[in-house]
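Asks: Have a look at the structure that comes next, please.
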Amino acid sequence: MNKNELVASVADASGLSKVDAAKAVDGVFASITNALKSGGDVRIVGFGTFSVANRAATTGINPSTKEKIQIPASKRPKFKAGLPLKNAVNN
C-alpha cells in the first residue's frame, strides 16, 4: 500500500473526503516525525511504539577498495509492533 492508497482507505473508513483524509494522514506523519525529532516516543496502544535508536560510531570497510572507513554515530527511527497488531498479522 502506498500513501495514495492509504489516503483512499482512510477516506472510505472514516467518511472523510480524500482531501481531508490526506490532511489527516499528513498530520499524523508530521506529528510522529516531530515527536521523534524532539527525542520523544509515540505510543499508540494496540498498534505499536515509534522511538529513536542511537547507533554508535563504528569502523567499516569500503568493499571496492578494502580501505577502512569511519561510519559516524547516527539516530534511526524504530517501530515496535504492539501485541494486537502482531496477532492481526499472524491470523
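Asks: For the range 53-69, which positions are free of Cβ contacts under 8 Å to residues at least 12 places away in the same chain and touching a strand residue (DSSP E or B) at 6+ places or on another chain (Cβ under 8 Å)?
Replies: Within the range 53-69, the subset free of Cβ contacts under 8 Å to residues at least 12 places away in the same chain is 60-69.
Residues satisfying the conditions are G60, I61, N62, E67, K68, I69.
Asks: Okay, next question. With respect to D41, determine if the residue is out of contact with any strand residue (DSSP E or B) (no Cβ under 8 Å at 6 or more places or on another chain), acidic (D, E) and surrounded by 10 or more Cβ atoms within 10 Å (Cβ to Cβ). First the steps, then the outcome.
Replies: On the way: out of contact with any strand residue (DSSP E or B) (no Cβ under 8 Å at 6 or more places or on another chain): no; acidic (D, E): yes; surrounded by 10 or more Cβ atoms within 10 Å (Cβ to Cβ): yes.
In short, no.
Asks: Still on this model: Checking A8 against (1) surrounded by fewer than 12 Cβ atoms within 10 Å (Cβ to Cβ); (2) in contact (Cβ under 8 Å) with a residue 12 or more places away in the chain, only one condition comes out false. Which one?
Replies: (1)
Asks: Moving on. Going by the conditions given, is A30 out of contact with any helix residue (DSSP H, G or I) (no Cβ under 8 Å at 6 or more places or on another chain), of a type in the set (G, A, S) and not in a helix (DSSP H, G or I)? Write out each step before concluding.
Replies: Working: out of contact with any helix residue (DSSP H, G or I) (no Cβ under 8 Å at 6 or more places or on another chain): yes; of a type in the set (G, A, S): yes; not in a helix (DSSP H, G or I): no.
Considered against the rule, which asks whether it is out of contact with any helix residue (DSSP H, G or I) (no Cβ under 8 Å at 6 or more places or on another chain), of a type in the set (G, A, S) and not in a helix (DSSP H, G or I), A30 comes out as no.
Asks: Considering only the range 44-66, how many residues are within 21 Å of R76 (Cβ to Cβ) and of a type outside the set (A, V, I, L, M)?
Replies: 10
Only the coordinates and a few stated rules stand behind these numbers; no lab work does. As the structure is a computational prediction, the values presented were derived from the model and not from experiment. Neighbour counts run over all protein chains shown; Cβ positions are idealised from the backbone, glycine included.
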